[in-house]
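To keep things clear, I will list the structure first and then write my remarks on it.
The values are calculated or read from the model by the stated rules, or taken from the named source; none is laboratory data. The model shown is predicted, which means the values in this text are computed figures rather than measured ones. Note that we place each Cβ from the backbone using ideal geometry, even for glycine, and neighbour counts take in every protein chain shown.
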Amino acid sequence: MENPIPKDEFNRLLQLADYDLDNSELESSLKDLTKLAAKVAGTNISLVNLVDSFTQWSVASEGLPVMQMPREDSVCQYTIMGNQPLEIKDLANDDRFKEKFYVTDDPNLKYYWGVPLKSETGHNLGALCVLDTETKHINPEKVELLHIIADEIVNRLNVIKSVALLKSEVKTSKEKQMQVAHDIRGPIGGIIGLAQIIKEQGDKNKLDDVLEFIKIIHTSGKSLLELADEILSSKDKAVKTPSLNPDCEYNLVTLKEKIESLYGVQGKQKMVQLDVETKGENREVPFPKAKLLQILGNLISNAIKFTPSGGNVSINLILVEKENQKELLTVVNDTGAGMSAEQIEDIMVGEGKTTNGTSGEKGYGFGLPLVKHLIDGLGGSLKIDSKLGEYSRFEVRLPV
């Protein structure tokens, strides 16, 4: 069965990369919305899933631990294909999912309902979904509420993106403050939408539901106030504080930790050894984190995908500093399937073809061309050395 691929997939992935999100740090910002979604739908489980080139990242959850899975195993890969919610009454009776691990084994899911998380440019970043071990019925009123929650999730992602931009571009702080102020209007709209639902339903509202709505309104309002305070103080803090800013900077140590925490799971799932090493003396020198996880994450996921069980993927991180100029050198080596000269040429000119991994993982063909595009946009360089059936070596140089 072929993988579903959105018509404008490359630009969808570019849009997701533009958010420059750290998937491991979104849970606290979105947890209340997943809890509310499960409450509204009457389900045991709710997830906020972001779908990239290789992986579905559950960045916030209710009823299940935050997790990741190969994109080809997910239900949400179908949800992001359109603009309307996707409902599956019985996953066990659907040929696409009946043999998936989350249906045949714990938690033995049966019901799925998901709505795309649509960005302002019209691209689906992922999906908000609610799931259960029993069939459910979601009436039109609840559907409307779930749409509002999905919009609020995207609004919060926009705020996170804007704050990161503000912190990393101190010289244009006034312009960024105006941009963030504009983005704040989105979350305010979500708050107003929830309040309007309560007003329109009148006596039909249940006390528990009203209390949940009030909690989410309070939380959103509080986060906006905190954001306003952060904006007002960000310029002075950024100028006066030379230490590492976790919101917009990494050093080799923190980047190594991020890679291991995010992609070590993929290595363990496939029994591929993942080794990350930092070299040189500049291990704690800060540098901007812009697009690093998107670039390195795609390279690492690709290396794991095309390395057989028992193989090895190694990542070397080096920060070179010359004449006040810094360059991040990253080398990703694998003992995998390798590539032909034609395949390498396709990547270097920004083209990609769908191929399968060493354990039958489905390919989408956009991961490495996306990496090349992002590297070019940052003024960096990419070199590829590979031999069919033996190895691939990716060398990335980025001015930081």
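Things to note:
- Some residue of the stretch 72-81 being in contact with a Phe, Trp or Tyr (Cβ under 8 Å, 6 or more places away or on another chain) and buried (at least 20 other Cβ atoms within 10 Å of the Cβ): yes
- Where LYS322 falls short, out of the listed (1) touching a Cys at 6+ places or on another chain (Cβ under 9 Å); (2) free of Cβ contacts under 8 Å to residues at least 24 places away in the same chain: (1)
- Residue in the stretch 8-15 that is among the aromatic types (Phe, Trp, Tyr) and in contact with a strand residue (DSSP E or B) (Cβ under 8 Å, 6 or more places away or on another chain) present: no
- For the stretch 14-36, the criterion of being out of contact with any Leu (no Cβ under 7 Å at 6 or more places or on another chain), small (Gly, Ala, Ser) and either modelled with pLDDT under 95 or not assigned by TED's automatic domain parsing to the domain that holds TRP57 (or both) is met by at least one residue.
- Single residue of the stretch 136-159 satisfying the filter (of a type in the set (S, T, N, Q) and touching a helix residue (DSSP H, G or I) at 6+ places or on another chain (Cβ under 7 Å)) that is nearest to THR43 (Cα to Cα): ASN155
- Subset of the stretch 113-165 (residues that are under 22 Å from LEU64 (Cα atoms), touching an Asp or Glu at 6+ places or on another chain (Cβ under 8 Å) and polar (S, T, N, Q)): THR135
- Any hit, the stretch 63-78, residues being over 24 Å from LYS305 (Cβ atoms) and touching a Ser or Thr at 6+ places or on another chain (Cβ under 7 Å): yes
- Evaluation of GLN77 against the conditions (1) over 23 Å from GLY297 (Cα atoms); (2) of a type outside the set (Phe, Trp, Tyr); (3) in contact with a Pro (Cβ under 9 Å, 6 or more places away or on another chain) shows that the sole unmet condition is (1).
- Counting only helices (runs of 4 or more DSSP H) that sit completely within the stretch 1-97, those holding 1 or more residues that are farther than 21 Å from TYR263 by Cβ and β-branched (Val, Ile, Thr) correspond to 27-41, 76-79.
- Looking across the stretch 231-273, just one residue is farther than 23 Å from LYS291 by Cβ, touching a helix residue (DSSP H, G or I) at 6+ places or on another chain (Cβ under 7 Å), assigned to a helix (DSSP H, G or I) and at pLDDT 60 or above, and that is LYS270.
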